[in-house]
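One structure is given here, and the rest of the page talks about it.
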Amino acid sequence: MSDKTMTAEHVAARLRTGMTLGIGGWGSRRKPMALVRALLRSDITDLTVVSYGGPDVGLLAAAGRIRTLVAPFATLDSVPLEPHFTAARQRGAFDLVELDEAMFMWGLTAAAQRLPFLPVRAGLGSDVMKVNPHLRTVTSPYEDAEELVAVPALRLDAALVHLNRADPQGNAQYLGPDPYFDDLFCQAAAASYVSCERIVDTADLLKEAGPQTLLVKRAFVNGVVQTPNGSHFTSCVPDHDRDEAFQQAYARAARDPEAWRRFTERFLSGDEEAYQAAVKAFHEERQS
């Protein structure tokens, strides 16, 4: 079995302008932020981003990298609306395909199973069908003849996800309360990249939790990146909670162009090591 370990920069080098990029996690929870930051340091743009949106969407929107966003929401959880998403949407900076959460899940499932679509009830009778005129319905071929929404497959060129643990071959494990559909993102993608808090030997994956936590299988993974605190400022429990103080600073800065310029200069102008050092200094200043 091959060793798939690489750096965040190696992952970014494998991505291309114009790709459809899936980003795992949920809102401000277990987002692959170190990989997103590496992407921001590249010149990749014109992306179709597929995400249960959080600051991944916000940072990419702020940098003008998104052509189309496919998402059921974009939130920081404790901050209801992601501020960069909101601003970009209000100025029409990208196209938005807004789906019901269940429709989004079944779109990923259809892609994972290499199906063109899956029929679902979600969305019927709602404005989801009005704001997405490309969506179609199908009629059950059985006696019930029920009308259902034909949710198209959300096929991805690449997927980025963050898990608690992984082995060098690409098996990856979550230790928190929710898988956040990261397995579907990996299975729906032509290439998938897993960042994790710590790379361990395969035998050690079962030392912290049972086999049901082995969410992502190596067959669906092309690269593994060890990035301690790599989901910052989103949560990655039990390794760390969301950095609420930093998230609030991010949200405040997002609402003022000059404040955002200072924020990006301080936190996003260097590499990942510089980012983590700047975050540490931010907290030291708050405590002094």
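The values are calculated or read from the model by the stated rules, or taken from the named source; none is laboratory data. Since this is a predicted model, take the numbers as computed values, not measurements. Glycine gets a Cβ as well: all are built from the backbone with ideal geometry, and neighbour counts include every protein chain shown.
Test Val216 against the stated conditions and say whether it is in contact with an Asp or Glu (Cβ under 7 Å, 6 or more places away or on another chain), at pLDDT 95 or above and under 30 Å from Pro152 (Cα atoms).
In short, yes.
Could you grab the pairs with beta carbons closer than 6 Å, sequence gap of 6+ or different chains, first residue in the range 25-45 and more than 21 Å from Gln173 (Cβ to Cβ) and assigned to a loop (DSSP other than H, G, I, E, B), second one modelled with pLDDT under 95 and of a type in the set (Asp, Glu)?
If the second residue must be modelled with pLDDT under 95 and of a type in the set (Asp, Glu), no pairs are left.
Is there any pair with a first residue in the range 98-112 that is under 19 Å from Ala189 (Cα atoms) and touching a residue at least 24 places away in the same chain (Cβ under 8 Å) and a second that is of a type in the set (Gly, Ala, Ser) and surrounded by fewer than 24 Cβ atoms within 10 Å (Cβ to Cβ) whose Cβ atoms are under 7 Å apart and which are 6 or more apart or on different chains, and what are they?
Met103/Ala122; Met103/Gly123; Gly107/Ala153; Ala110/Ala153; Ala111/Ala153
Do we find that Gly176 is in contact with an Asp or Glu (Cβ under 9 Å, 6 or more places away or on another chain), modelled with pLDDT of 95 or more and part of a loop (DSSP other than H, G, I, E, B) in this structure?
yes
Let me spell it out: the conditions are (1) over 25 Å from Gly210 (Cα atoms); (2) of a type in the set (Val, Ile, Thr); (3) surrounded by fewer than 23 Cβ atoms within 10 Å (Cβ to Cβ), and Val151 meets all of them except one. Which number is the exception?
Failed condition: (3).
For every residue, the table says whether it meets (1) surrounded by 24 or more Cβ atoms within 10 Å (Cβ to Cβ); (2) farther than 26 Å from Glu265 by Cα; (3) touching a strand residue (DSSP E or B) at 6+ places or on another chain (Cβ under 6 Å).
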{"position": "Met6", "(1), (2), (3)": "no, yes, yes"}
{"position": "Thr17", "(1), (2), (3)": "no, no, no"}
{"position": "Gly22", "(1), (2), (3)": "yes, yes, yes"}
{"position": "Tyr52", "(1), (2), (3)": "yes, yes, yes"}
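Of the residues Ala172, Ala189, only one is over 30 Å from Ala278 (Cα atoms), out of contact with any His (no Cβ under 7 Å at 6 or more places or on another chain) and crowded, with 21+ Cβ neighbours inside 10 Å; which?
Every option except Ala189 fails the conditions.
Can you name the residue in the range 226-264 that is under 14 Å from Gly58 (Cα atoms) and of a type in the set (D, E, K, R) and, of all such residues, is surrounded by the fewest Cβ atoms within 10 Å (Cβ to Cβ)?
Checked the range 226-264; the qualifying residue surrounded by the fewest Cβ atoms within 10 Å (Cβ to Cβ) is Arg255.
So, in the range 134-164, of the ones that are assigned to a strand (DSSP E or B) and small (Gly, Ala, Ser), which residue ends up farthest from Ile23 (Cα to Cα)?
Only one residue tops the list, namely Ala150.
Suppose we filter the range 54-73 for residues that are part of a loop (DSSP other than H, G, I, E, B), buried (at least 18 other Cβ atoms within 10 Å of the Cβ) and either among the acidic types (Asp, Glu) or over 14 Å from the mean Cα position of the chain (by Cα) (or both); how many remain?
1
Hey, does the range 150-158 have a residue that's at pLDDT 95 or above, over 22 Å from the mean Cα position of the chain (by Cα) and farther than 30 Å from Ala38 by Cβ?
Yes, some residue in the range 150-158 is at pLDDT 95 or above, over 22 Å from the mean Cα position of the chain (by Cα) and farther than 30 Å from Ala38 by Cβ.
Out of the residues in the range 232-288 that are closer than 30 Å to Pro177 by Cα and among the polar types (S, T, N, Q), which is nearest to the chain's Cα centre (by Cα)?
Ranking the candidates gives Thr234 first.
Could you look through the range 98-116, keep only residues that are surrounded by fewer than 18 Cβ atoms within 10 Å (Cβ to Cβ) and under 24 Å from Asp127 (Cα atoms), and pick out the one that is farthest from the chain's Cα centre (by Cα)?
Filtering first and then ranking leaves Pro116.
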